[in-house]
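Input: a single structure, listed below in structure tokens.
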Amino acid sequence: MLRPTACFVLLLACGALAGCAQSPATSATQANTVETGTLTGEVGDPRNRARIHTELASAYFERGNLGVALEELRIAIDADPNYAQAFNVLGLVHMDLRENAVAQQHFERALRLSPNDPDINNNYGWFLCQSGREEQSIAYFLAAIKNPLYSTPARSYVNAGICAIKKNNERDAFDFFERALRSDPDNRQAVLNLASIQYKRGQLESARAYIGRFNKLVEPTAESLWLALRVERKLGDKSAENTLATQLRRRFSGSKEYQDMVQGKFE
């Protein structure tokens, strides 16, 4: 959905590893509603109608159907003009459409309506990060984390780390990724980024431990195999390097990482 900019650290696509921006979750009932096209909850109080249509909009947004998502959000706001989550999702949709001025208006409206909402703070922080205001973004990630009811603080720690990297602030990025792991020991984005930072610093044993941990948590990617291979190459373990080279060739022969290996571009 929304992707971080790749810097010197391996940054995975947000959609793949549950980082970055976050739209409200939809229940199984609402997901079924989207499948069948049957709207439920048309009766009841305005806030409930706004919530249902916002969650429908979120489901359509996740599927890439932005036009229908916008229509559902229009219905939600007509039902309750003060429902913060509707403006939050509007911000995400317009961000995806690269309509940044409109996205900012919606995120700021959402924050005025619900200033302590962790998801809104996280999403606005990610918007700022992606629009060149990385330093400003950190305050919103930290505001999200401060909320004791926030169920995914690791998400905001990872986002803060990514944005710190974009500002070439490796020290703070490392700290944010470590905090993400303390909150969620299996957070794959944090593990991979820590491996890459340690490799860049020359802390090869630490980098080996992190990248080995990542490759055990999930099916290895071209990026993770390539980093692991370069770690072993610098450590002088030719057997491990050859094993990783074989895996990279077998699984990802069309990748940029494989082409770099073939051309000897190890740095």
How many residues, within segment 243-254, are in a loop (DSSP other than H, G, I, E, B) and either under 12 Å from residue 220 (Cβ atoms) or touching a strand residue (DSSP E or B) at 6+ places or on another chain (Cβ under 7 Å) (or both)?
-> 1
Does segment 205-249 hold any residues that are among the small types (Gly, Ala, Ser), within 16 Å of residue 266 (Cα to Cα) and within 30 Å of the chain's Cα centre (by Cα), and which are they?
-> 207, 222, 224, 228, 245
Can you tell me which residue among 164, 143, 173 is at pLDDT 95 or above, within 28 Å of residue 83 (Cβ to Cβ) and small (Gly, Ala, Ser)?
-> 143
Is there any pair with a first residue in segment 197-216 that is within 17 Å of residue 158 (Cβ to Cβ) and open to solvent by 30 Å² or more (accessible area, probe 1.4 Å) and a second that is part of a helix (DSSP H, G or I) and of a type outside the set (A, V, I, L, M) whose Cβ atoms are under 7 Å apart and which are 6 or more apart or on different chains, and what are they?
-> 210/198
Scan segment 125-176 for residues that are open to solvent by less than 10 Å² (accessible area, probe 1.4 Å) and among the aromatic types (Phe, Trp, Tyr) and report the count.
-> 3
Residues that are open to solvent by 20 Å² or more (accessible area, probe 1.4 Å) and in contact with a Leu (Cβ under 6 Å, 6 or more places away or on another chain), drawn from segment 83-118 = 106
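Please find, within segment 86-103, the residue that is nearest to residue 48 (Cα to Cα) out of those that are without any contact (Cβ under 8 Å) to a residue 24 or more places away in the chain and assigned to a helix (DSSP H, G or I).
Taking segment 86-103 as the starting set, the residues that turn out to be without any contact (Cβ under 8 Å) to a residue 24 or more places away in the chain are 90, 94, 98-99, 101-102.
Add one more test, that the residue is assigned to a helix (DSSP H, G or I), and what stays is 90, 94, 101-102.
Working: 90: 18, 94: 24, 101: 29, 102: 25 Å.
That would be 90.
The values are calculated or read from the model by the stated rules, or taken from the named source; none is laboratory data. The shown structure was predicted, so the numbers you read here are calculated from the model rather than taken from an experiment. Glycine gets a Cβ as well: all are built from the backbone with ideal geometry, and neighbour counts include every protein chain shown. Calculation scope for accessible area: heavy atoms of the full protein, side chains included, ligands and nucleic acids excluded. Shrake-Rupley method; radii C 1.70, N 1.55, O 1.52, S 1.80 Å.
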